[in-house]
Structures are given as structure tokens and as C-alpha cells.
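K.L.:
Here it is: the structure, laid out below.
The values are calculated or read from the model by the stated rules, or taken from the named source; none is laboratory data. Quick caveat: nothing in here was measured; it's all calculated off a predicted structure. We place every Cβ from the backbone using ideal geometry, glycine too, and count neighbours over all the protein chains shown. Remember, those area values only see protein heavy atoms, side chains included, never the ligands or the DNA or RNA. Shrake-Rupley method; radii C 1.70, N 1.55, O 1.52, S 1.80 Å.
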Amino acid sequence: MSTRRENSTRAALEKKGLYHSFRLPDGRRLDGAMSLEAQDERLTPFNLPESLHGKRVLDIGPWDGYYTFEMERRGAEVTAVDYVDMDTFRELHRLMGSKAKYHQLDVYELDPRTLGMFDIVLCFGVLYHLKHPLLALEKICAVTQDLCLLESFVVDGGTWKQGIHPPVPYIEFYEMDELGGQLDNWSGPTVGAMEALVRAAGFARADIMHVEDASAGIAARRRWTNLPQADRPPIEIFGLSCHLHRGRSFRSEKEEYIALWCIWPAPGAPLLDVVFPEIDGFGIAPLAASLTANGLLVSVRVPPGLTPGQHWVRLKIGRSGWSEPLKFYVDLAPIATDLTISSIHDGVTLLHGQVDWKEGGWITIWVAGLSVEADAGNTIVELAGVPHLPDMVDPVRGQINVRLRPVIRAGEVELIVLHRGSKSNASMLTVTGVAPPIRGLEV
Ligand SMILES: C[S@@+](CC[C@H](N)C(=O)[O-])C[C@H]1O[C@@H](n2cnc3c(N)ncnc32)[C@H](O)[C@@H]1O
């Protein structure tokens, strides 16, 4: 059993009923567990402008609503979402003459299709209450247009201020009431873990704005700021593919990264903090930049919240100009298409209906009915029920090149093509020769 961490505000809350303190429009002051001064001090490090006119703001987990009403006082159009519908919030909403929208929603239910996007999102004092902090931050990223102010309990604030940073960021996990005696406290990140979670969720940057003994504030930004001046040629990207296949089609529910293959004349790989990928105008923290035989490979996350269809990625490195944008697809819808295989042959000998392991096991398939977006990310060749990822899909010519997997032995096998929910006719293929050994299983 882990050590309990105490919660100092609990007793004050039980005594006063309110968590936040308020100045009401009629001059009255309501005192909650947290003082007005402390509430304002929590906001100060984020340097929000006094006027937020024209901005849409989302307040996640507002409790009694101090920050909701404060954002409204600054002129923003505010929406507040909480997984409990609080009497205190509703009554203060009335007393403050607020027009803020209030929805009973769990953070995991945030969805740009229903709520729209927000210029600024406030997520104060919520992260450590969440069982799935990274998933929650992905949901938050998906509704953030520009900036999320994230403030949370952290486990290493005191030592972080002394310059002691754990070599690996970590998150304490509370199975029961180990944190503050409360069952709804799940996790305690280090400051470094908070930064890492923000980037992993799809934000461009995580800027630490303040660190206290038991809390930290991070500005999670969706846009690159202060980019280096562009006085060098643009980056040339000669290839875009998924890290798991050779296509440009991605599924948001899968763990898939965009691989950008770039021309790179310099002898060493650039540092990651000067690599600036952008998707549909949003910055996105790069995962890796490494040298390859032909240049530089930059790996980029697919950010959350992309709508089904076509999207664009571009790249700037250091003082380079922006690359040309390259197209990719996310969550292409299934289509009902008449997929018809007209012929199959060995990719080397060109013999019909056959493929020979001796020649490398390459197969060329001619098929009608592929959509214009067909590629190795949305097209699968099944041989004897075993999925094969194509090496090349050409929707214009209706050609698919695929290589046998070594689990396919000599004999007659059934071949079908699967594309965006449609299935072709079955064709028979004769496999000859001896399959090569599977790496690691050579005898
Ligand atoms: C400690 S209070 C923070 C209140 C206020 N944001 C602040 O920092 O002063 C935590 C708030 O998060 C809400 N909350 C906790 N888990 C949530 C979830 N999964 N989805 C939405 N709200 C949640 C709670 O109901 C509560 O209003």
C-alpha cells in the first residue's frame, strides 16, 4: 500500500460549502475554501489578456465556476463542462447574471463535432482526477484551437524548483484514496510527465508557466510560436507513409505515425526542438528525426480530432522554409464498390495464376473498382486468409503489387482483395518453390 498524501483544503471545504470565493455584482463577498487572492494568483502566471472579447473559452471541471465567470468578465463566450451538475454553479450563474453554457459532460465526452472548437481551454485542478489522463488530454487537444491552460497537482514540485528533475518522467497511480483520502484522485504526474503528456496528446508545445510545491501550470499550445526566420531553402519531402505500411491512409483509433522522408544534406540529424511539423495549420510535436540511407526520417503523430477525409502536413526545420504540403487521409469511410480481380501473375516471370518463391514471391494483381484514394493503408490482399500489406497500389491502373509472406507454403491458395469495406471475388493462385525461413526461426 502506498503512502497517503493529505489534502489541506478538504476541511475548509466541508466547513464553508463553497470551494471558490466570489465577489457578487451586488457587492457581497462569498468566502469559499480558496481565497479570491489565491484564485487570481493561479491565473496570473498564464498572462491571459484582460480582454478576451471575440474568444470562445471552455472551462473543464469548473466546480462552483469562479474561472468560468472570470473568463466571461473578460469578454469571452464561455462554455463550462463538468461531470457533476453543481447547485452552487447554477445558483452563482444566476447571481452573476452569467450567460455561460453549462453542460454535464465527462472530459472523455468532449467532441469538436458537438461543442465546436475553443480558442482557449481551461483545465484547472482536473488532471489528477482522471483515470486516463492521456486520453483526456487527447480529447482536450481535439477541441483546442489555440491554447489550453493546464494546472494540476504534481508530485515533484518542491524538488523540481531545486533543479532536481527525475531522469524519466513518471505518474504515481492511486488505486484507492491514497491521494488526499479521496476516491476520485487517480494519478499524480511529475512536472516532466505533465509536459510529456501534453506533447503526446497532440499539442505542439508544453510551456511550463509556474511550479509550486504541489502543483504546476503548463500552457499547452497548438500553434508554433517564435519560429526561426526562414532564410534557407524549403525542406523537400520525397515520401509520406504510415510507419506500419506504405500507404497515406490512417485510422484515428490505431497507433499510427506519419513518416516523412526528407532530403537532408547535413551530416547529422537536427535536434528535435528545431523540427516543426504542421498538420492543417496546427503545430505537432515531432516524435523523432533520424538519418537514413537517403536522407532524414521525421516521425510525426496524427493529432486527435481530425475529421474523416483529406488533410495536409508540411515541415520546417530550423531556418528552412516550409516544405510543400503533402496530402494524407484519415478515417476514410467504407464504400460499396464492385471489386473485380481480372488477373493475377508472378511479378517477375509474369506467369498467370502463379507465383514462385524462387523468384522472390512477388505477385501483381489487376483489379477494377479501387477508389482514387486506394493505397496500402486501405487495401489488403488476403492469401489463404492471411492479410498481406501491398507494396504498391495504383488506383488509376488498377494494379496492386504484393509480396508473399513466408507463412504461405507451396500449393493452391485463395486470393481476395479488401478495400474500404468491400471485398473482391476470390481468385486461385498456385504457389511454387520453397518459402524462405522466417527470421528467428531458421533451423
Ligand atoms: C478540484 S476541482 C477544480 C475546480 C476548478 N477548476 C479549480 O481549479 O478551481 C475538480 C473539478 O473537476 C471535475 N471533474 C473531475 N473529474 C471529471 C471528469 N472526468 N470530467 C469532467 N469533470 C471532472 C469535478 O467535478 C470538479 O468540478
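K.L.:
Report the full-extension gain for the segment residue 99 to residue 397: residue separation times 0.36 nm, less the Cα-Cα distance, to one decimal in nm.
P.N.:
101.5 nm
K.L.:
In a Debye calculation with equal point scatterers on the alpha-carbon sites of segment 150-196 and no solvent, what is log10 I(q)/I(0) at q = 0.18, 0.22, 0.25, 0.32 Å⁻¹?
P.N.:
Those come out to -0.55, -0.76, -0.90, -1.15, one per q.
K.L.:
Using all alpha carbons of the chain, what is the percent of pairwise distances in each 20 Å bin, ordered from the shortest bin to the longest?
P.N.:
Histogram of Cα-Cα distances, whole percents per bin: 21, 43, 27, 8, 0.
K.L.:
Assuming 0.36 nm per residue, please report the length gained on full extension of the stretch residue 225 to residue 312 beyond their Cα-Cα distance.
P.N.:
Taking residue 225 through residue 312 to full extension adds about 29.4 nm, to one decimal.
K.L.:
What number results when the radius of gyration of segment 99-153, computed over Cα atoms, is divided by 2.2 N^0.38 Å?
P.N.:
1.08
K.L.:
Same structure, new question: With both bridge residues required to lie in the chain, what share of the DSSP beta bridges run antiparallel, to the nearest 5%?
P.N.:
75 percent
K.L.:
Using alpha carbon centroids, what distance separates segment 325-376 and segment 234-276, in Å?
P.N.:
24 Å
K.L.:
With the alpha-carbon atoms as the only input, what is the per residue convex hull volume for segment 9-221 in Å³?
P.N.:
120 Å³
K.L.:
Okay, next question. For residue 336 and residue 50, FRET efficiency with R0 = 60 Å and r from the beta-carbon atoms, rounded to 0.05?
P.N.:
Efficiency, rounded to the nearest 0.05: 0.60.
K.L.:
Quick one: dipole size for segment 340-432, taken about the Cα centre, charges +1 on Lys/Arg Cβ and -1 on Asp/Glu Cβ, in debye to the nearest 20.
P.N.:
Here the size comes out at about 100 debye.
K.L.:
In debye, nearest 20, what is the charge dipole magnitude of segment 232-330 about its Cα centre with +1 on Lys and Arg Cβ and -1 on Asp and Glu Cβ, if you could check?
P.N.:
Computed about the Cα centre, the dipole is about 140 debye.
K.L.:
Give the cross-link partners of residue 16 among the aspartates and glutamates, using a straight C-alpha distance below 12 Å as the criterion and excluding same-chain residues fewer than 8 apart.
P.N.:
Answer for residue 16, where 12 Å is the Cα cut-off: 31, listed by chain and number.
K.L.:
Write down the accessible area per residue of the chain in Å², having rolled a 1.4 Å probe over the full set of protein chains.
P.N.:
With the other protein chains kept in place, the chain gives 49 Å² per residue.
K.L.:
For a quick check: with amide H placed at 1.01 Å from N, whose amide H comes under 5 Å from residue 154's, ignoring anything fewer than 5 positions away on the same chain?
P.N.:
Those lying under 5 Å, H to H, from residue 154 are 215, 216.
K.L.:
So for segment 340-432, considering every pair of alpha-carbon atoms, how many percent are separated by more than 15 Å?
P.N.:
52 percent
K.L.:
Which lysines have a Cα less than 22 Å from the Cα of residue 316, not counting those fewer than 8 places away in the same chain?
P.N.:
Partners found: 327.
K.L.:
Here's something else I'd like to know. With N residues in segment 232-330, what two-decimal value do you get for its Cα radius of gyration over 2.2 N^0.38 Å?
P.N.:
Rounded to two decimals, the normalised Rg is 1.00.
K.L.:
Any idea what the dipole of segment 78-192 comes to, in debye rounded to 20, about its Cα centre with Lys/Arg Cβ at +1 and Asp/Glu Cβ at -1?
P.N.:
420 debye
K.L.:
Given R₀ = 35 Å, FRET efficiency for residue 439-residue 368 by Cβ-Cβ distance, to 0.05?
P.N.:
Calculated transfer efficiency: 0.45.
K.L.:
Say the cut-off is 24 Å between C-alpha atoms; which of 101/139; 254/423; 101/254; 55/101; 55/99; 99/131 go over it?
P.N.:
Cα-Cα > 24 Å for 101/254; 99/131; rest within.
K.L.:
What is the mean projected area of the alpha carbon convex hull for segment 371-422, to one decimal in square nanometres?
P.N.:
3.7 nm²
K.L.:
Please calculate the 1.4 Å probe accessible area of residue 173, with all protein chains present, and give it to the nearest 10 Å².
P.N.:
Accessible area, nearest 10 Å²: 130 Å².
K.L.:
Could you check the simple spin-label distance between residue 426 and residue 358, using points 7 Å along Cα→Cβ, in nm with one decimal?
P.N.:
2.9 nm
K.L.:
Place +1 on the Cβ of every Lys and Arg and -1 on the Cβ of every Asp and Glu in the chain, take the dipole about the Cα centre, and give the residue among 173, 357, 383 whose Cα lies farthest towards its positive end.
P.N.:
357
K.L.:
For residue 176, what accessible area in Å² do you get when you roll a 1.4 Å probe over the heavy atoms of the protein chains, rounding to the nearest 10?
P.N.:
Per-residue accessible area (residue 176): approximately 80 Å².
K.L.:
Let me cross-check residue 67: its accessible surface, 1.4 Å probe, with only protein heavy atoms counted, in Å² to the nearest 10?
P.N.:
Solvent-accessible area, nearest 10 Å²: 10 Å².
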